Amino acid sequence: TNLGLKDVPANAYPHRVSVTADDVDNQGRVSNHDIVRILAEAAEAQTAALGWDLDAYRRLGAWWVVRRHEVDYLRGARAGDELVCYTWPSAFEKLRAERRHVIVRAGDDVVVARAVNVWTLIDMETGRPKRLPPEILEAFDPAQWVV
């Protein structure tokens, strides 16, 4: 993933985060764990903003799980920094969806991290992968998020 701020679609979802002392590791930087948490929070916030909150997924009988994280950690962020995690759906297949992220420091637009996640929709009853239904494909159509 060689994404930079110039690669973020204009309609990407901007998830804002204030870095607290609890988010930093023993080096004083946002920990890897917390970067991954921010990615997941941003994805959930965008899906809810598009009308797909937990209740909507419950009605569908399905929920997303991450199958793979690919994260490039580029710069440190420290307690007190304001971050913006831009996120957008970037690809679909039968049983998987890809989502991209670019996290920048709000004060100077320096890219802190960039990531690609691979998600699978699972059936809430069986825990098995579920084919992406038309309403999901329509709501998250990657063609809506083109630079």
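The values are calculated or read from the model by the stated rules, or taken from the named source; none is laboratory data. No experiment lies behind these values; they were computed from the predicted model shown. Here the Cβ positions follow ideal geometry from the backbone for every residue, glycine too, while neighbour counts run over all protein chains shown. Heads up: the accessible areas ignore ligands, DNA and RNA and are worked out on the full protein's heavy atoms, side chains in. Shrake-Rupley method; radii C 1.70, N 1.55, O 1.52, S 1.80 Å.
Rounded to the nearest Hz, the phi-derived 3J(HN,Hα) couplings of the range 19-24 under the Karplus curve 6.51 cos²θ - 1.76 cosθ + 1.60 (θ = phi - 60°) are 6, 10, 4, 5, 8, 9, where x marks glycine and proline.
What residues of the range 12-30 lie in the reach of a label at GLN144, counting those whose backbone N is under 11 Å from a point 7 Å from the Cα along Cα→Cβ? Backbone N within reach: 12-13. Calculate the FRET efficiency for ALA91 and GLN27 from the Cβ-Cβ distance with a Förster distance of 22 Å, rounded to the nearest 0.05. With R0 = 22 Å, the Cβ-Cβ based efficiency is 0.05.
Axis angle, to the nearest 10 degrees, between helix 32-49 and the longest C-alpha principal axis of the chain: 50 degrees. When the chymotrypsin sites (Phe, Trp or Tyr not before Pro) in the range 20-107 are filtered for DSSP coil states and for at most 11 other beta-carbon atoms within 10 Å of their beta-carbon, no site remains. For the chain, the solvent-accessible area of protein heavy atoms averages 53 Å² per residue (probe radius 1.4 Å; ligands and nucleic acids excluded). Taking the convex hull of the alpha carbon positions in the range 31-126 and averaging its projected area over all directions gives 6.8 nm². In order along the range 97-113, the phi-based Karplus estimate (6.51 cos²θ - 1.76 cosθ + 1.60, θ = phi - 60°) of 3J(HN,Hα) comes to 9, 10, 10, 10, 9, 9, 9, 10, 6, 5, x, 9, 6, 6, 6, 8, 7 Hz; Gly and Pro are listed as x. Solvent-accessible area of the chain (1.4 angstrom probe, protein heavy atoms only): carbon and sulfur portion equals 48 percent. If R0 is 30 Å, the Cβ-Cβ spacing of LEU137 and LYS6 corresponds to a FRET efficiency of close to 0.60.
ARG59 sits among other residues whose Cβ lies under 12 Å from its own Cβ, and their net charge, with Lys and Arg +1 and Asp and Glu -1, is -2.
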